[in-house]
Amino acid sequence: MNRKIALITGASRGLGKNTALHLAAQGIDIIGTFNSKAQEAQALVQELEKCGVRAAMLQLDVSNSASFEDFATQLRQTLTSVFDREQLDFLVNNAGIGINAPFSETSEAQFDQLCNIQLKGPFFLTQRLLPLIADHGRIVNVSTGLTRFALPGYAAYAAMKGAMEVLTRYQAKELGARGIRVNILAPGAIETDFGGGVVRDNADVNDFIASNTALGRVGLPDDIGAAVAMLLSDGGGWITGQRVEVSGGMFL
Ligand SMILES: NC(=O)c1ccc[n+]([C@@H]2O[C@H](COP(=O)([O-])OP(=O)(O)OC[C@H]3O[C@@H](n4cnc5c(N)ncnc54)[C@H](OP(=O)(O)O)[C@@H]3O)[C@@H](O)[C@H]2O)c1
């Protein structure tokens, strides 16, 4: 029997990499994407193979929708040559950046960059990849706790993620006919390189978040990778169209 295959965007670092490792631990084959970190991506392939799964990493800039046709072609070839399959089972739209700017000072260029990476990219990438996602497959989009609570500096970023939450419900409705489940996972603040690594590296920010979190600490990549794996497990099969916050109880 074929093993399941997951495509994870932004798998070279942070939450995407951690998700890849959690899924591999469950015997799921991995196709990851990287944007700039080719060496990290290659190192991850070796780490995943040590877990006993098949793995490949492809370059993808999610802000460049004109490249999605070529990416789909490359993905199809990889599925055939490395995995002996024509379709994948899971898509995790994880790749992303943060820009911290007050609403009053956010430039059009910053807005457009966030929109291209956080909203337009996943919208058209998923649309383009639909023929490559198997019936009864699953899609996990990635949002943020910042759509439920507001912290200064994230107006544009959180607005894009909020749009992804609405899109998730429409995708769940329209793709339900094919048995495809679509959910969106909303991490709280997690210690990664995200936003220049501020949550991990700035002690004041770290303490502020920990003291406003029910479970008393900042999130770690393992908290998110494990949660994505849970959503993609057999037990998640009746969950669709949902926003699942994974924040340890931030700002309850
Ligand atoms: N960390 C948090 O506190 C937090 C909280 C809530 C939500 N999130 C969301 O979680 C997701 C992952 O964040 P993270 O913390 O793992 O960030 P990260 O450690 O900075 O990693 C970002 C990943 O996205 C990739 N990426 C960046 N720009 C890209 C582009 N234009 N095209 C394709 N890939 C691109 C990077 O690829 P390269 O390494 O190859 O450049 C990297 O793999 C993002 O969507 C973020 O908004 C994060």
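Okay, here's what the table says:
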quantity: Net dipole in debye of segment 31-150 [+1 Lys, Arg Cβ; -1 Asp, Glu Cβ; about Cα centre; nearest 20]; calculated: 260 debye
quantity: Three-way shape label, segment 115-222, alpha-carbon gyration tensor, a/c 1.5; calculated: prolate
quantity: Computed E for E40/L151 - FRET, C-beta separation, R0 25 angstrom, nearest 0.05; calculated: 0.30
quantity: Helical mean residue ellipticity (222 nm; -39500 (n - 2.57) per DSSP H run of 4+; nearest 500) of the chain; calculated: -13000 deg cm²/dmol
quantity: Cβ-based net charge around K4, under 12 Å, with every Lys or Arg adding one and every Asp or Glu removing one; calculated: +1
quantity: Within a Gaussian network of the chain (alpha carbon springs, distance under 10 Å), most fluctuating of K173, K120, K161; calculated: K173
quantity: Spin-label pair D84/K173, simplified geometry with 7 Å Cα→Cβ offset, distance in nm; calculated: 4.2 nm
quantity: Most mobile listed residue (V53, V228, V62) in the chain, GNM with C-alpha springs under 10 Å; calculated: V53
quantity: Alpha carbon centroid spacing (whole Å) that separates segment 1-72 from segment 91-157; calculated: 18 Å
quantity: L220 accessible area, 1.4 Å probe, all protein chains in place, Å² to nearest 10; calculated: 70 Å²
quantity: Of A203, A186, A55, the one that fluctuates the most in a GNM where the chain has Cα springs shorter than 10 Å; calculated: A203
quantity: Relative contact order (%) - criterion: Cα under 8 Å, at least six apart; region: segment 1-111; calculated: 30 percent
quantity: Fully extended contour minus Cα-Cα distance, from D201 to N116, at 0.36 nm per residue; calculated: 27.9 nm
quantity: The chain pair-distance distribution - Cα-Cα, 5 Å bins, rounded %; calculated: 1, 7, 14, 18, 21, 18, 12, 6, 3, 1, 0, 0
quantity: Antiparallel bridge percentage (DSSP; both residues within the chain; nearest 5); calculated: 5 percent
quantity: Potential extension, E105-A214 segment - 0.36 nm per residue separation minus Cα distance; calculated: 36.0 nm
quantity: Nearest-10 value in Å² for the accessible area of S104, using the 1.4 Å probe; calculated: 100 Å²
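The values are calculated or read from the model by the stated rules, or taken from the named source; none is laboratory data. Remember, predicted model here, so these are calculated numbers, not experimental data. Positions of Cβ are generated from backbone atoms using ideal geometry, with glycine treated the same way; all protein chains shown enter the neighbour counts. Ligands, DNA and RNA are excluded from the accessible area calculation, which covers all protein heavy atoms including side chains. Shrake-Rupley method; radii C 1.70, N 1.55, O 1.52, S 1.80 Å.
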